[in-house]
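Trainee: One structure is given below, represented as structure tokens, and several questions about it will come after.
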Amino acid sequence: MKQPVRVAVTGAAGQIGYSLLFRIASGEMLGKDQPVILQMLEVPFEKAQQALKGVMMELEDCAFPLLAGMVGTDDPKVAFKDADYALLVGSRPRGPGMERAELLAVNGEIFIAQGKALNEVASRDVKVLVVGNPANTNAYIAMKSAPDLPAKNFTAMLRLDHNRALSQLAAKTGKAVADIEKMAVWGNHSPTMYADYRFAIINGESVKDMINDQEWNANVFLPTVGKRGAAIIEARGLSSAASAANAAIDHMRDWALGTNGKWVTMGIPSDGSYGIPEDVMYGVPVTCENGEYTRVEGLPIDEFSREKMDATLAELEGERAAVADLLK
Ligand code: NAI
């Protein structure tokens, strides 16, 4: 049996946490031969800590053979101590009447503190996934607050958008999700994201040619994927949690264990390619191997795509400007 690895999860008593922790402990994220120690962070309020205790009792009651230990805490430095993986799920939701700037500021404070704590106590190889919204900007803030860790260790979750796009394409083409390759989502995890199937293939055949309907792309597909979160809230009365947890598992599993040449989407700090300024936490297609992700390079960007990619970039640049003062 391998040595256990330490997996930190914030917002552990929340809805996504409840769908996520049991799957990590069962080996779905890092493999059925990889023991894990769960290090769970919640806010220091009694209700949240009490709920976290309940989740830990249930984890115990599953008697997972791979669960080698558990820590529940309200201190980021305890949760992130020697962490090999950190899933930053907890964040402040937008309250009634809360302005976007205010939301960015309260979350800015959370992710500055968590970035600093990761910087201080986490493994130098820690792989960080930010799920809590605004995910890209929160990941950017954490990265900037952890100067001693490699910037490439910080990522934001675009995988739910990626998976949503795959399912829409499978439905449209009547093919299996598993057969779709080379799908990409660019930009921010928000309705401005640009799901791009220009390069996608199914058994070697072009998905774009198969669909051959730009109207559908612009007026049905992109709005459906972009507004899916809102549609789920309307239908369920609660935001997507199981699918978000599933996407987080997919993201981390692929990063850790590799994609076998398949493209997946990750929000990663830009290297300046595709006209995206350096450091912007932007969704791009990647492949993963040996615990590292590699951006898919050199894809042609047509006029429609440029416009979409610039619009989602503009939103991210706006968010980055709004938190610039906090990061000084
Ligand atoms: P939730 O409200 O059920 O749970 C969030 C939990 O985080 C709460 O228990 C809260 O006490 C905790 N929390 C808040 N601030 C914290 C902090 N500073 N440290 C530790 N814990 C903290 O929310 P849910 O449904 O679990 O969603 C979590 C986040 O994920 C939200 O920001 C949501 O918008 C985001 N999300 C992101 C998606 C993505 O694709 N990137 C998809 C779906 C949700």
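Trainee: Step through the table entries Lys77/Lys152; Lys227/Lys262; Lys47/Lys77; Lys53/Lys328; Lys182/Lys328; Lys81/Lys308, compare each Cα-Cα distance with 28 Å, and write down the pairs that go over it.
Mentor: Checking Cα-Cα distances, Lys53/Lys328; Lys182/Lys328; Lys81/Lys308 exceed 28 Å.
Trainee: How big is the dipole moment of the range 166-301 about its Cα centre under a simple scheme where the beta carbon of each Lys and Arg is +1, that of each Asp and Glu is -1, and everything else is neutral? Debye, nearest 20, please.
Mentor: I would put it at about 460 debye.
Trainee: Mean residue ellipticity at 222 nm from the helices of the chain, using -39,500 (n - 2.57) per DSSP H segment of n ≥ 4 over the full residue count, to the nearest 500 deg cm²/dmol?
Mentor: So the calculated ellipticity at 222 nm is -12500 deg cm²/dmol.
Trainee: Answer with one residue from Gly258, Thr287, Gly90: the one whose Cα lies farthest towards the positive end of the charge dipole of the chain, charges on Cβ with Lys, Arg +1 and Asp, Glu -1.
Mentor: Of the options given, the answer is Gly90.
Trainee: Further question on the same structure: Heavy atoms only, probe 1.4 Å: what % of the accessible area of the range 221-328 goes to carbon and sulfur, would you let me know?
Mentor: It is 51 percent, rounded to a whole number.
Trainee: Now a separate question. With viscosity set to 1.567 mPa s and temperature to 4 °C, compute the Stokes-Einstein D of the chain, Rh being the Kirkwood radius across alpha carbon pairs; µm²/s, no decimals.
Mentor: 65
Trainee: Please check: in the Gaussian network model of the chain (C-alpha springs, under 10 Å), which one of Lys127, Lys172, Lys152 has the largest mean-square fluctuation.
Mentor: Fluctuation is largest for Lys172.
Trainee: Still on this model: Just tell me the longest site-free run in the chain, where the sites are GluC sites (Glu not before Pro) in a DSSP loop having at most 10 other beta-carbon atoms within 10 Å.
Mentor: 100-277
Trainee: Can I ask one more? If you take the C-alpha gyration tensor of the range 218-304, multiply each eigenvalue by 5 and take the square root, what semi-axes do you get, largest first, in whole Å?
Mentor: Those come to 26, 20, 12 Å.
Trainee: About the Cα centre of the chain, how large is the charge dipole given +1 on each Lys and Arg Cβ and -1 on each Asp and Glu Cβ? Please answer in debye to the nearest 20.
Mentor: 460
Trainee: Sticking with this one: Name the shape class, rounded, prolate or oblate, that the alpha-carbon gyration tensor gives for the range 5-156, where a ≥ b ≥ c are the square roots of its eigenvalues, rounded holds for a/c under 1.5, and otherwise prolate holds if a/b is larger than b/c and oblate otherwise.
Mentor: Oblate, since a/c reaches 1.5 and b/c is not below a/b.
Trainee: Also: Rounded to a whole number, what % of the accessible area of the range 25-94 do carbon and sulfur atoms account for, probe 1.4 Å?
Mentor: That fraction is 55 percent.
Trainee: Let me ask you something else. Select from the range 7-114 those trypsin sites (Lys or Arg not before Pro) which occupy a DSSP coil region and have at most 12 other Cβ atoms within 10 Å, ordered by residue number.
Mentor: Those satisfying the criteria are Lys32.
Trainee: Separate question: What is the sum of charges, Lys and Arg at +1 and Asp and Glu at -1, for the other residues whose Cβ falls under 12 Å from the Cβ of Glu315?
Mentor: 0
Trainee: Let me ask something else. Skip the ligands, DNA and RNA, and give the accessible area per residue of the range 158-323 with a 1.4 Å probe, whole Å².
Mentor: 43
Trainee: Expressed as a whole percent, how much of the Cα-Cα distance distribution for the range 124-185 exceeds 19 Å?
Mentor: 46
Trainee: Another question, then. Report the net charge of residues surrounding Gln50, where surrounding means a beta-carbon distance below 15 angstrom and charges are Lys +1, Arg +1, Asp -1, Glu -1.
Mentor: For residues surrounding Gln50, the net value is -2.
Trainee: A further question follows. Would you mind counting up the charge near Phe22? Only other residues with Cβ under 13 Å from its Cβ, with Lys and Arg at +1 and Asp and Glu at -1.
Mentor: Net of charged neighbours comes to -3.
Trainee: Let me ask you something else. Hey, what's the range 5-156 come to in accessible area per residue, 1.4 Å probe, Å²?
Mentor: Per residue, the range 5-156 has 41 Å² of solvent-accessible surface.
Trainee: Which of rounded, prolate, oblate describes the range 158-323, given a ≥ b ≥ c as roots of the alpha-carbon gyration tensor eigenvalues and a/c under 1.5 marking rounded, otherwise prolate only if a/b is larger than b/c?
Mentor: Note, shape of the range 158-323 comes out rounded.
The values are calculated or read from the model by the stated rules, or taken from the named source; none is laboratory data. Bear in mind that the values here come from a model prediction, so they are computed numbers and not experimental data. Here the Cβ is made from the backbone with ideal geometry for all residues, glycine too, and neighbour counts use every protein chain on show. To get the accessible areas, we keep the full protein, side chains included, count just its heavy atoms, and leave off ligands, DNA and RNA. Shrake-Rupley method; radii C 1.70, N 1.55, O 1.52, S 1.80 Å.
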